[in-house]
1. Can you tell me which residue is nearest to B:Gly34 (Cα to Cα) among those in the range B:95-109 that are within 7 Å of another protein chain (Cβ to nearest Cβ) and either more than 25 Å from the chain's Cα centre (by Cα) or hydroxyl-bearing (Ser, Thr, Tyr) (or both)?
2. Looking only at the range A:98-112, which residues are open to solvent by 20 Å² or more (accessible area, probe 1.4 Å) and within 30 Å of A:Ala150 (Cβ to Cβ)?
3. Restricting to the range A:142-164, what's the tally of residues that are in a helix (DSSP H, G or I) and within 24 Å of A:Pro67 (Cα to Cα)?
4. Take the range A:142-164 and flag every residue that is more than 10 Å from A:Met80 (Cβ to Cβ), more than 14 Å from chain B (Cβ to nearest Cβ) and touching a helix residue (DSSP H, G or I) at 6+ places or on another chain (Cβ under 9 Å).
Number of protein chains: 2
Amino acid sequence: MDRALGLRLARATPALVALSLLVAAPPARGKERGLPRGYRTWVHVKSMAVTDPDHGMYGFHNVYANPAALRVLRAGGAEMRFPEGAEIVVSIYEVETRGGAVNAGAKRRDVVKTKDRTATATGGWRFAAFDPKGRPIAIDPVSDCHACHAGARKSDLVFTRFSP
Amino acid sequence: MDRALGLRLARATPALVALSLLVAAPPARGKERGLPRGYRTWVHVKSMAVTDPDHGMYGFHNVYANPAALRVLRAGGAEMRFPEGAEIVVSIYEVETRGGAVNAGAKRRDVVKTKDRTATATGGWRFAAFDPKGRPIAIDPVSDCHACHAGARKSDLVFTRFSP
């Protein structure tokens, strides 16, 4: 082998090994997935504000849906069933009330809900939360999310409704 | 001329005349344009609620921007300049406050603001309003819209800001 090429390969080997391990790694099970890319340009479903700072869902909420979730939300009705992969993002901000107006202030977090039949402990929905920098926030999806959403059986455990 | 063709042309003439008049008609000046098609799937800019029913802008507001307006709003900053054709729709709903949450209720109207250099009396923005069935609502764009927006000179007479 050409000596210069041999040297270059030897130097590159650790990086190549690391790269191949990364590519070959099985999907991270039980690990949080990231915030869906481009969710901020998904269609807006609705907004609302929970004004009591002591309420667990305190904040100004902007709700966005991916196309699979949107089709069901736009069709509406009391009964809804969402397909696998349907995804809803709720961006939650501080509530700023001044001059007779209720506004969204600084972002608190983004919450993601994804239809995933493997998430059997939470009714077939996977939950994740992210801080304003997109870093995962530790949550207990059963007690923090499903405990309340479980009440919305007719609408497939979804509370949000499309603002026409 | 072939007799059959002559007959067909004679029959078609009134329709052709009507069509050519329609095509040649000058743009309707001073007439309201319709609500932009598909605005509900434009990117959501922000939401807010004006809770005082006596306030002129009372209502739960959901703001949407067409791509030309969105580029400027996303870039943000204290100074903004919008290109011709930039368009912003504000959907205004009743404010429903119950159980510690502020929600959008029934739709009150949609308000449209379009950058149009011919609208010299209103700072280069054209304004229109529509009821929940999409029918134009009579407004005085100078006193009902521009009188207040004129104060926002640095941001090209636009109050809304993008919620990141």
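1. Restricting to residues being within 7 Å of another protein chain (Cβ to nearest Cβ) and either more than 25 Å from the chain's Cα centre (by Cα) or hydroxyl-bearing (Ser, Thr, Tyr) (or both), the top hit is B:Val102.
2. Those that are open to solvent by 20 Å² or more (accessible area, probe 1.4 Å) and within 30 Å of A:Ala150 (Cβ to Cβ): A:Ala104, A:Lys107, A:Arg108, A:Arg109, A:Val111.
3. 3
4. Selection gives A:Val142, A:Cys145, A:His146, A:His149, A:Ala150.
Yes or no, residue by residue, for (1) of a type in the set (A, V, I, L, M); (2) within 14 Å of chain A (Cβ to nearest Cβ); (3) within 15 Å of the chain's Cα centre (by Cα); (4) within 30 Å of A:Gly38 (Cβ to Cβ):
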residue	(1), (2), (3), (4)
B:Met48	yes, yes, no, yes
B:Gly56	no, yes, no, no
B:Asn62	no, yes, yes, yes
B:Met80	yes, no, no, yes
B:Val111	yes, no, yes, yes
B:Ala121	yes, no, no, no
B:Trp125	no, no, yes, yes
B:Arg135	no, no, yes, no
B:Asp140	no, no, yes, no
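Residue-by-condition table, conditions (1) open to solvent by less than 70 Å² (accessible area, probe 1.4 Å); (2) modelled with pLDDT of 95 or more:
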| residue | (1), (2) |
| --- | --- |
| B:Ala10 | yes, no |
| B:Pro14 | no, no |
| B:Ala25 | yes, no |
| B:Gly34 | yes, no |
| B:Val43 | yes, yes |
| B:Met48 | yes, yes |
| B:Val63 | yes, yes |
| B:Asn66 | yes, yes |
| B:Leu73 | yes, yes |
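The values are calculated or read from the model by the stated rules, or taken from the named source; none is laboratory data. Just so it is clear, the structure is predicted and the values come from calculations on it, not from any experiment. Glycine gets a Cβ as well: all are built from the backbone with ideal geometry, and neighbour counts include every protein chain shown. SASA here: full protein model, heavy atoms, side chains in, ligands and nucleic acids out. Shrake-Rupley method; radii C 1.70, N 1.55, O 1.52, S 1.80 Å.
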